[in-house]
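Remarks on the structure that follows.
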Amino acid sequence: MPKDTKALNSTPLSLIARPLVTVDIAIFTVKNEKLQVLLVKRPNNEQEHFTEKWALPGGFLDIDIDKDLNSCALRKLKEKTNVNSPYLEQVGAWGSKDRAPTEWSITHVYFALLNSDKVILQKGGNAAEVAWFPLIDNQVKKQLAFDHNELLDLAIQRLHAKVEYTSLPAYLLPDEFTLPDLQKVYEIVLNRPLDKSSFRTRILSTNLIAPIPNKMRPATHRPAQLYRLTNPDTLTYFPRSFKYNEKALKS
């Protein structure tokens, strides 16, 4: 056994240095026909790092409360939005001695999707302000605290990749929606137009949505059928990515 391993095995656990463990969450929604992300503003406090800088919401793992990392992420999400996300996914874990100014730290990054109409933003704790920020060219036009610009980029990349072949954008909609609503939210997240006929065929060929009996949305020409998710707790996977509207892309 190597000498340093023997020394480690004989060292009391209380004396072994441990990194800070946190969870950070990129919470996405669609507002004003734009994909937006929730940010919190750090307080003007001499004891805090990156004072008055915007950051992803998150916080420390609490071993007395959180049974696992997902529980910690859900707790932090609830604290900032007062809702439980219908979809939460871990993007990955990143750590180094340079993440925080004073200590070695590890963060576990998640992304969540919410319908903004259900969200009640709540500040407090280490959040002086809480606000939605639109993504422009897949970026937020702010220099965020710590390495959160990089973490947000990674979360956006994961979201875009999964939207190509799953039903993820449906979690950004209200409980009742039309097929055009669903296509629109896909186009907002992907930032490109989709072929209408191909989209409808793809969606209606699955068990993703179900029409609400005798419920239509009034319209100028023809009322639109309202739908709901058949099983909100289950993500639907498609066999291939969506077909884009080539004419609209060229115009």
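At-a-glance table
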| read-out | value |
| --- | --- |
| Complete set of residues in the stretch 118-132 that are surrounded by fewer than 16 Cβ atoms within 10 Å (Cβ to Cβ) and at pLDDT 90 or above | 131 |
| Some residue of the stretch 112-122 being within 18 Å of residue 36 (Cα to Cα) and β-branched (Val, Ile, Thr) | yes |
| Enumeration of residues in the stretch 204-213 that are modelled with pLDDT of 95 or more and either in contact with a helix residue (DSSP H, G or I) (Cβ under 9 Å, 6 or more places away or on another chain) or more than 10 Å from residue 177 (Cα to Cα) (or both) | 208, 209, 210, 213 |
| Residues within the stretch 210-224 that are exposed (fewer than 12 other Cβ atoms within 10 Å of the Cβ), under 22 Å from residue 33 (Cα atoms) and touching a strand residue (DSSP E or B) at 6+ places or on another chain (Cβ under 9 Å), tallied | 1 |
| So residue 74, is it farther than 23 Å from residue 143 by Cα and at pLDDT 90 or above | yes |
| Residue in the stretch 162-169 that is modelled with pLDDT under 95, more than 20 Å from the chain's Cα centre (by Cα) and not in a helix (DSSP H, G or I) present | no |
| Only listed residue being assigned by TED's automatic domain parsing to the domain that holds residue 39, of a type in the set (D, E, K, R), surrounded by 12 or more Cβ atoms within 10 Å (Cβ to Cβ) and not in a loop (DSSP other than H, G, I, E, B), chosen from 200, 158 | 158 |
| Total residues in the stretch 189-209, condition farther than 13 Å from residue 167 by Cβ and touching a strand residue (DSSP E or B) at 6+ places or on another chain (Cβ under 7 Å) | 4 |
| Candidates 113, 173, 151, 135 - the one that is touching a residue at least 24 places away in the same chain (Cβ under 8 Å) and outside the structural domain of residue 80 (by TED's automatic domain parsing) | 173 |
| Odd one out for residue 187 among (1) under 22 Å from residue 86 (Cβ atoms); (2) in contact (Cβ under 8 Å) with a residue 12 or more places away in the chain; (3) not in a loop (DSSP other than H, G, I, E, B) | (2) |
| Subset of the stretch 211-246 that is assigned to a strand (DSSP E or B) and under 25 Å from the mean Cα position of the chain (by Cα) - its residue that is nearest to residue 186 (Cα to Cα) | 244 |
| Unique residue being farther than 26 Å from residue 85 by Cβ and outside the structural domain of residue 33 (by TED's automatic domain parsing) when the list is 234, 206, 220 | 220 |
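Residue by residue, here is whether (1) assigned to a strand (DSSP E or B); (2) touching a residue at least 12 places away in the same chain (Cβ under 8 Å); (3) basic (Lys, Arg) holds:
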residue: 37; (1), (2), (3): yes, yes, no
residue: 43; (1), (2), (3): no, yes, no
residue: 66; (1), (2), (3): no, no, no
residue: 70; (1), (2), (3): no, yes, no
residue: 74; (1), (2), (3): no, yes, no
residue: 85; (1), (2), (3): no, yes, no
residue: 90; (1), (2), (3): yes, yes, no
residue: 94; (1), (2), (3): yes, yes, no
residue: 106; (1), (2), (3): yes, yes, no
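The values are calculated or read from the model by the stated rules, or taken from the named source; none is laboratory data. As the structure is a prediction and not an experimental result, all values here were calculated from the model. Counting neighbours? That spans all protein chains shown, and the Cβs are built from the backbone with ideal geometry, glycine included.
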